[in-house]
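Below is one structure; the comments refer to it alone.
The values are calculated or read from the model by the stated rules, or taken from the named source; none is laboratory data. In this text, all values refer to a predicted model and were calculated from it rather than measured experimentally. Positions of Cβ are generated from backbone atoms using ideal geometry, with glycine treated the same way; all protein chains shown enter the neighbour counts. For the accessible areas, the whole protein counts, side chains as well, though only heavy atoms, and no ligand, DNA or RNA atoms are used. Shrake-Rupley method; radii C 1.70, N 1.55, O 1.52, S 1.80 Å.
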Amino acid sequence: MPIQCITSMPQQLPNQEQETPLVFDASLLRNQTNLPTQFIWPEEEQACSNIPELDVPFIDLGGFLSGDPLAAMEASKLVGEACQKHGFFLVVNHGIEKKLISDAHGFMDGFFQLPLVEKQRAQRKAGEHCGYASSFTGRFSSKLPWKETLSFRFEAHENSPNLVTDYLCNTMGNDFEQFGEVYQKYCKAMSNLSLGIMELLGMSLGVGKGYFREFFEENSSIMRLNYYPPCQKPELTLGTGPHCDPTSLTILHQDQVGGLQVFVDNQWHSITPHFNAFVVNIGDTFMALSNGRYKSCLHRAVVNSETTRKSLAFFLCPLSDKVVTPPCELVDNYNPRIYPDFTWPMLLEFTQKHYRADIKTLEAFANWIQHKST
């Protein structure tokens, strides 16, 4: 399939007036009834009302985390069934402190309610995945998401004990030290939780609980704070467009506003927020690791006209030198290799510079690798 380039800009013609760059200032746009055309999505992609709830299992991790082998087997069975169907499940009794979750949501306001010029101190640079983004006005010119984000790296490595705190202090100033400490602690908790989930995924695929845990033990992951301001015409736009996560595993915590939707059986379904549960979904990288047995599912976020929606997304990613290749147990004459070997930085570069993530990202990426090699 053709590769959609997102890095080149239209060449300026002689005597053509330079258009004023679009700026997503939530404090102004949240009250506008006439949406800029860049935020209006095609009618067939716009949000629909009264959609059904997704039948997504609640995985109780309490017994698994306490070392109960029967509970671990039951949890891995439920995880496997969900990942074969659509790749989404919820985890409860996960061991994450309620106060840490509340603090992680609460501190978001301290950043996103700043004036735009202050937030732009952390401005995300072209081709990079970390920093502040007011919508994606610097990357795309149409079908823009109605949201702001702040993204930063986390490394589960003893040489990077304060990477999140240091980044936020260096970017926003020492007033953000406590802000950084909260998200440093939150990222560490998410990394630990994701390693437990990797054990269940390994068990469910028959490769043993240690295989994927070891692969991701020293991960280099991404934390993203999503902030969706109200929109006076929410039926015309989307908070996040339809996409599959290119990463390995996503652990999402929603506030109580709601807005996550998943495309299953040719229909959009909602996932109701539960404060005590995390939403977990498989990403493209793990889909490749499982040789396509587990699915990376299309999902999106919708907005509303009254209330700001917030969510916390932790994206588990392997170290840059780890080769993404399925274990030999998942490859045989009946299940040949589907995707070529790659490293996470290769896929990240592809989605940041060459392709806007969608349901065919992995397929397009495989074609891109083949094209480069020839």
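Alpha-carbon geometry of the chain: the Rg and the Dmax are 20.4, 73 Å, given in that order. For the pair segment 193-236 / segment 134-191, the C-alpha centres are spaced 16 Å from each other.
At a 1.4 Å probe radius, carbon and sulfur cover how many percent of the accessible area of segment 93-168? For segment 93-168, the apolar C and S fraction of the accessible surface comes to 48 percent.
So for the chain, averaging the separation of alpha carbon pairs under 8 Å that are six or more residues apart and normalising by length, what relative contact order in percent results?
Normalised by residue count, the contact order of the chain is 22 percent.
Result for the chain in a Gaussian network model with C-alpha springs under 10 Å: among Asn333, Asn304, Asn50, the largest mean-square fluctuation is at Asn333.
Near the amide H of Gln123, within less than 5 Å, lie the amide hydrogens of Tyr132, all on another chain or at least 5 residues away, with H placed in the peptide plane.
Take the alpha carbon atoms of segment 274-329, find their center, do the same for segment 331-374, and report the distance between the two centers in whole angstrom. Computed from Cα coordinates, the inter-centre distance equals 16 Å. Considering helices alone, the calculated mean residue ellipticity of the chain at 222 nm is -9500 deg cm²/dmol, with DSSP H runs of length four and up weighted by -39500 (n - 2.57) and normalised per residue. Heavy atoms of the protein chains alone define the surface here; on that basis segment 226-368 has 35 Å² accessible area per residue at 1.4 Å probe size.
Quick one: accessible area per residue over segment 74-148, 1.4 Å probe, rounded to a whole number of Å²?
Each residue of segment 74-148 exposes 43 Å² on average to a 1.4 Å probe.
Each of Gly283, Ser220, Gly239 was scored by the projection of its Cα onto the charge dipole of segment 216-293, and the greatest displacement toward the positive side belongs to Gly239; charges sit on the C-beta of Lys, Arg, Asp and Glu.
Projecting the Cα positions of Pro340, Ile271, Gln120 onto the charge dipole of the chain (unit charges on Cβ atoms of Lys, Arg, Asp and Glu, taken about the Cα centre) puts Gln120 furthest along the positive direction.
Between exposed GluC sites (Glu not before Pro) in the chain, where DSSP calls loop and at most 14 other Cβ atoms lie within 10 Å, what's the longest gap? Numbers along the way, then the final one.
Working: sites that count: Glu17, Glu19, Glu97, Glu128, Glu158, Glu306.
That gives 159-305 as the longest site-free run.
Structure remark: mean-square fluctuation, Gaussian network model of the chain, C-alpha springs under 10 Å; the largest value among Ser142, Ser311, Ser134 belongs to Ser142.
Highest GNM mean-square fluctuation among Met73, Met223, Met287, for the chain modelled with Cα contacts below 10 Å: Met73. Charge dipole (Cα centre; +1 on Lys/Arg Cβ, -1 on Asp/Glu Cβ; no other charges) of the chain amounts to roughly 420 debye. Taking a straight line from the alpha carbon of Lys125, these lysines sit under 24 Å away, with near neighbours fewer than eight places off in the same chain left out: Lys143, Lys147, Lys310, Lys353. Our coupling estimate for segment 191-198, obtained by passing each phi through the Karplus curve with A = 6.51, B = -1.76, C = 1.60 and θ = phi - 60°, is 4, 5, 5, 5, 5, x, 5, 4 Hz, Gly and Pro reported as x. Once the Cα atoms are used to define both axes, helix 361-373 deviates from the longest principal axis of the chain by about 90 degrees.
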